[in-house]
Amino acid sequence: MRVAVVGASGFIGQRLCVALDRDGHDVRALTRKPGKYDGAGTAVGADVSDPATLGPALRDSDAAYYLVHSLDSANFEQRDAQAARNFAAAAAEAGLSQIVYLGGLGDDEDDLSPHLRSRREVERLLGAEGVPVTVLRAGIVVGHGGISWELTRQLVEHLPVMITPRWVHTRTQPIAVADVIRYLTGVLGKPEALGRTFDIGGPEVLEYGDMMRRVAAIEGRPLLVLPVPVLSPRLSSLWLSLVTSVDTRTGRTLVDSMTNEVVVGDDSIRSLVPFEPMGYDDAVLAALGERAKQRRSA
């Protein structure tokens with residue numbers, strides 16, 4: 001298939017393009033800076049905020065992956081919504097047979113954070129022009145370069161004693177980035193995946209605090225976690241920006257989402273794309289190994 005990947009230079013997109021190329025697909029890596037793209041596939045200039053660029057970029061494509069999020073923007077909800085509208089219209093005009101979108105886990109009955117509400121809105125808007133959308137919803141993706149994973153790793157490595165907000169007790173279902181890629185490639189072109197939403201996660205449900213303790217144990221580091229219920233989201237994001245490389249705005253967006261439990265409610269994806277997902281400790285080891293390899297080659 002000829003497959004367009006929007007967000008090809010990102011954490012997921014880079015890996016996805018490699019996997020799609022390896023599977024024999026004709027990959028079009030849509031990027032705002034095609035001259036600087038050095039990943040798998042053919043770089044194609046496109047910007048989801050500029051509708052005029054999308055039609056030519058999607059021409060003759062069979063399907064597309066949509067991996068765009070704007071966490072570092074003050075008006076990310078509006079920006080992401082408009083970008084999704086632009087892309088949906090261009091995808092319909094190009095006659096695409098499928099859009100695959102990576103969204104976020106979370107119970108719709110819960111009081112979802114602005115970040116997760118935005119993910120839901122993007123899901124809806126991508127399908128508004130009639131192109132069948134396949135949505136995969138994930139929680140924390142464990143892999144070198146992922147923002148949520150980097151928060152976890154850097155907190156563990158920088159602070160042997162952590163005074164943390166209540167979100168350390170929120171449950172999540174982390175998944176290895178390699179398994180996310182397997183699910184993403186596994187739903188491509190499958191009629192039974194069209195117009196459906198799937199939850200994806202690893203085999204373990206863990207609290208954020210447990211995840212950090214497990215990373216500390218793997219790295220042989222001391223770690224004491226002391227929850228402080230009165231620590232506000234604003235102070236939490238400022239704290240994260242001081243001890244990690246994540247900027248305050250992105251940190252605030254992520255902290256708001258950490259109050260929502262993000263666990264798999266429907267595991268029907270397991271029958272459509274059957275394999276055994278990686279355990280949390282193995283996912284951590286893989287992420288740390290990739291980081292070490294990258295640092296050695298730098």
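Just so you know, all these numbers are worked out from the coordinates, no wet-lab data involved. Here the structure is a predicted model, which is why all the values come from computation and not from measurement. Cβ atoms come from the backbone with ideal geometry, glycine included; neighbour counts cover every protein chain shown.
Hey, if you put +1 on the Cβ of every Lys and Arg and -1 on every Asp and Glu Cβ in the chain, which of Ser268, Ala176, Leu155 ends up farthest toward the positive end of that dipole?
Leu155
Taking only DSSP H segments of four or more residues, each worth -39500 (n - 2.57), what value at 222 nm results for the chain once the sum is divided by all its residues, to the nearest 500 deg cm²/dmol? Walk me through the intermediate numbers first.
Values: 11 runs with 129 residues, N = 298.
About -13500 deg cm²/dmol.
How much of the DSSP beta bridge set in the chain is antiparallel, as a percent to the nearest 5? Each step should come with its number before you reach the end.
Values: 2 of 35 bridges.
Percentage antiparallel, nearest 5: 5.
Projected onto the charge dipole of the stretch 1-92 (+1 at Lys/Arg Cβ, -1 at Asp/Glu Cβ, origin at the Cα centre), which of Gln14, Gly35, Pro51 gives the Cα projection farthest towards the positive end?
Highest projection toward the positive end goes to Gly35.
Calculate the length of the line joining the C-alpha centroid of the stretch 57-115 to that of the stretch 15-54, in whole Å.
Each part reduced to its Cα centre gives a spacing of 16 Å.
May I ask for the net charge around Pro132, where only other residues with Cβ less than 15 Å from the Cβ of Pro132 are counted and Lys, Arg are +1 while Asp, Glu are -1?
Within the 15 Å Cβ shell, the charges total -1.
Using θ = phi - 60° and the Karplus relation 6.51 cos²θ - 1.76 cosθ + 1.60, list the HN-Hα couplings for the stretch 86-92 in order, rounded to whole Hz, with x at every Gly or Pro.
Once rounded to whole Hz, the list reads 4, 5, 4, 5, 5, 5, 5.
Under a point-charge model restricted to the Cβ atoms of Lys and Arg (+1) and Asp and Glu (-1), what is the dipole moment magnitude of the chain relative to its Cα centre, in debye to the nearest 20? Could you put the intermediate results ahead of the total?
Working: 32 positive and 38 negative charges, 179 e Å.
That gives the chain a dipole magnitude of about 860 debye.
Work out how much length Asp281 to Thr42 would gain on full extension: take 0.36 nm times their residue separation and subtract the Cα-Cα distance, in nm to one decimal.
Numbers: separation 239, 0.36 × 239 = 86.04 nm, distance 3.50 nm.
That works out to 82.5 nm of additional length.
Please give, to one decimal in nm, the separation of the simple spin-label points placed at Asp108 and Ala81, each 7 Å out from Cα toward the Cβ.
1.8 nm
Kindly express, to the nearest 10 degrees and within the range 0 to 90, the angle between helix 177-186's C-alpha long axis and the longest C-alpha principal axis of the chain.
30 degrees
Evaluate E = 1/(1 + (r/R0)^6) for Val263 and Arg22, where r is the Cβ-Cβ distance and R0 equals 25 Å; express this FRET efficiency to the nearest 0.05. Mind dumping the intermediate values first?
On the way: r = 31 Å, r/R0 = 1.24.
The calculated FRET efficiency here is 0.20.
Quick one: order His144, His158, His169 by neighbouring beta-carbon count within 10 Å, fewest to most. Display every interim value, and only then the final one.
Values: His144 19, His158 11, His169 14.
So the residues, fewest neighbours to most, are His158, His169, His144.
Label-point separation (nm) for Glu121 and Leu194, each offset 7 Å from Cα along Cα-to-Cβ?
2.9 nm
By the scheme Lys and Arg +1, Asp and Glu -1, what is the net charge of all other residues having a beta-carbon under 12 Å from that of Arg85? Write out the running numbers ahead of the final one.
Details: positive: Arg79, Arg124; negative: Asp80, Glu121, Glu129.
Charge balance near Arg85 sits at -1.
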